[in-house]
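Some notes on the structure that comes next.
None of the figures in this text is laboratory data; all of them are computed from the coordinates on show. Computed from a predicted structure; not experimentally measured. Cβ atoms come from the backbone with ideal geometry, glycine included; neighbour counts cover every protein chain shown.
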Amino acid sequence: MTRTSRFLAASAASLVMLSMAGTCNAAAEHAHAAVASAAAPAAAAAPAPADKMVHADVIGLDGKSLGMVMLQETPAGVLVSTDLKGLPEGNHGFHFHQKGLCDTAEKFNTSGGHFAGGDHQHGYMVMKGPHGGDMPNQHVGPDGMLKTQILNTGVTLSPGPKSLFDADGTALVIHAGVDDYTSQPAGNAGGRIACGVISKAQ
Ligand SMILES: [Cu+2]
C-alpha cells in the first residue's frame, strides 16, 4: 500500500470513529487514539536524505571483511549500528578516528588519533572529555559477533566541526583492549584490530 493510500484508509477509519463520537465519550477517546496512530506511520515512512546515512565495510588486520557498520543521522545524534563477526571475545575500545584510511600494513595506524570534534580530551571520566569519536566499550561474546546500536551525540553527518564527513574522512576503529575512559590520548585500549572508512562517497 502506498503512503497516500494508507493515509486515506487511516483517515476513513478516523472519520468512522469520529461519527460515533457523538454517542459516547469512550468512542471519542478511541477516535483520538486512531488519529494519533494514523499519523505515526506516515512520519516514520519519511525517507532519510541520502547523505544522512552511510554504510561502511569493516575489515580486520588480514584485510578481510568483518561485516558492516551503518551510521544514520537522527535529531538526537548519529545512530551507529553494527553487524560484525569474527572479532575476538572480550571487551573492546570502540571509536571514530581522524582519517578515513584503514591500511592493514600499518596496523590501521593510518586512521590517526581519535576524532575530537573540537577542543576535547579523551574519555568519559575526564573533565575536558570526551572526544566526539568516543563511544562505550563493546562486548563480543564467544561467537565473535557484534550486533549492537550506539547513539553518538558528539558527532554528526551534517557539515560543521563535529562532522564525520570532513575533508579526509574518518574511520571506525575497534581496539584489541579496553578503553579505560581516562588515559590520554586514547584510553590505553591497545592495538587496532578492525577498521572501517567513513566517507560520503561510500
Ligand atoms: Cu580508538
Taking a threshold of 22 Å on the Cα-Cα distance, which of the pairs LYS99/LYS147; LYS85/LYS200; LYS99/LYS162; LYS64/LYS107; LYS52/LYS128 fall above it? LYS99/LYS147; LYS85/LYS200; LYS52/LYS128
Each label sits 7 Å from Cα toward the beta-carbon; between ALA167 and MET53 the label points are separated, in nm, by 3.1 nm
Whole-Å distance, taken between Cα centres, linking the stretch 159-198 and the stretch 54-123: 6 Å
How do 109-115, 99-105 rank on mean C-beta neighbours within 10 Å, highest first? 109-115, 99-105
Karplus 3J(HN,Hα) series, Hz, for the stretch 182-197 with 6.51 cos²θ - 1.76 cosθ + 1.60 (x for Gly, Pro): 9, 4, 9, x, 9, x, 6, 8, x, x, 9, 10, 8, 8, x, 6
Please list, in order along the stretch 162-178, the HN-Hα scalar couplings obtained from phi with the Karplus expression 6.51 cos²θ - 1.76 cosθ + 1.60 (θ = phi - 60°), rounded to whole Hz, x for Gly and Pro. 9, 6, 6, 8, 7, 4, 9, x, 9, 9, 8, 10, 10, 9, 5, x, 8
Taking the Cα-to-Cβ direction at VAL126 and at THR182 and moving 7 Å from each Cα, how far apart do the two end points lie in nm? 1.2 nm
